[in-house]
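Written below as structure tokens is the structure these notes are about.
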Amino acid sequence: MSSAIHSILIFLLATLCAGSLLYALLEPRIKHATRVKSRLRLAAGGASHAARNAGVAAKPRKRSVEDTLKQIKEKQKEKEKGRRSSSPSLTGRLRQSGLEWGMRTYLGVCIAVGVTAQMLMAFAMGLNSLAALVPSMIAGVLLPHLYLNHKRNKRLVAFRGELPNAVDVIVRGVRSGLPLGDCLRVIAAEGQEPVRSEFKGIVDDQTLGVPVQDALMRLAERVPIPETSFLATVVAIQSQSGGNLTEALANLSSVLRERKKIREKIKAFSSEAKASAGIIGALPPAVAGILYLTSPQYISLLFTTTLGQVVLAGCAIWMSIGVLIMRSMINFDF
């Protein structure tokens, strides 16, 4: 009996010694694993807490961006309603064309063109003053209008082509530490026309105390193209909700350049159709001119007789309608 008890005690002591030895050997690893688990748990909790904080912080900014976009969209809708209800004024078109004309100058040009057209019709075509009165009035109103629209469209196209370079100047200036207002002044002083004159208007507005986002909104009204609306929207969102202005303007510059590439592709694809339309539209006047040089008695009936003049006017009207239809088929709105 005593030998059995001694054996059990020896076994328990041996087991205790072996367990103590194993614990002494494995204790550092156990503590290290415990610390690693606690740190991972704290890191996971901190990351989730940071993510929650970031989400909470991002919600007001997202709401601010949405509110800003909503306000800009409402303003654009109001402007579009105003444009639909009334066409651009003559003063606005004169300013957008870059011509230094006033209302009196434009009216004087219309009168001069009308008088010149009446004299040409009276002496060259043999029409009396009363017969040439209505066509000369139409020419006096239509030709200056077409010339004004041509200059206006040409200036808007030049502005659209130069605007990406101006945005790049702003991006480089802001990255180097210049304020946005100083970058706008650099463009107003050293930019290319017509961007320079329009940005000079922005600088003048800022000098009078107008905020930069409102000044850019005025630019979008003065130069009614989508690119100026994009620029005004980006700056308005950044000024009201914050964010990286440099990155936003850099993305805008790339978007504007891609739009320019697409526009050039469309122009290249439609050049053949434009050449065909030009040839078709130029054939009747060219043939009439050749006949007038080779056989003036044969074609002079169109200018000397009443029936010939009516036929000539009808042909001119139908040719004009055909040219306008071909122009609307070829031009793509982008």
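Residue check: is Glu193 more than 30 Å from Gly114 (Cβ to Cβ), under 21 Å from the mean Cα position of the chain (by Cα) and outside any helix (DSSP H, G or I)? Don't jump to the end; show me each part of the working.
Values: more than 30 Å from Gly114 (Cβ to Cβ): yes; under 21 Å from the mean Cα position of the chain (by Cα): yes; outside any helix (DSSP H, G or I): yes.
When the stated conditions are applied, Glu193 passes them.
Whether any residue in segment 241-249 is at positive phi, touching a residue at least 60 places away in the same chain (Cβ under 8 Å) and exposed (fewer than 15 other Cβ atoms within 10 Å of the Cβ) is what I want to check.
Of all residues in segment 241-249, those at positive phi come to 242-243.
Then keep just the ones that are touching a residue at least 60 places away in the same chain (Cβ under 8 Å); that gives 242-243.
Among the residues that remain, those that are also exposed (fewer than 15 other Cβ atoms within 10 Å of the Cβ) are: 242.
Looking for residues that are at positive phi, touching a residue at least 60 places away in the same chain (Cβ under 8 Å) and exposed (fewer than 15 other Cβ atoms within 10 Å of the Cβ), one finds at least one in segment 241-249, hence yes.
Which numbered condition in (1) crowded, with 20+ Cβ neighbours inside 10 Å; (2) within 14 Å of the chain's Cα centre (by Cα); (3) more than 18 Å from Ser253 (Cα to Cα); (4) of a type outside the set (A, V, I, L, M, F, W, C) is the only one that Thr233 fails?
The number of the failed condition is (3).
Quick check on Leu130: is it modelled with pLDDT of 80 or more, assigned to a helix (DSSP H, G or I) and not charged (D, E, K, R)? Step through it out loud before you land on a result.
Details: modelled with pLDDT of 80 or more: no; assigned to a helix (DSSP H, G or I): yes; not charged (D, E, K, R): yes.
Judged against the criteria, Leu130 is not a match.
Taking Ile202, is it under 22 Å from Arg155 (Cβ atoms) and exposed (fewer than 15 other Cβ atoms within 10 Å of the Cβ)? Can you show your working first?
On the way: under 22 Å from Arg155 (Cβ atoms): yes; exposed (fewer than 15 other Cβ atoms within 10 Å of the Cβ): no.
When the stated conditions are applied, Ile202 does not pass them.
The values are calculated or read from the model by the stated rules, or taken from the named source; none is laboratory data. Quick caveat: nothing in here was measured; it's all calculated off a predicted structure. Cβ coordinates were reconstructed from backbone atoms using ideal geometry, including for glycine residues, and neighbour counts include every protein chain displayed.
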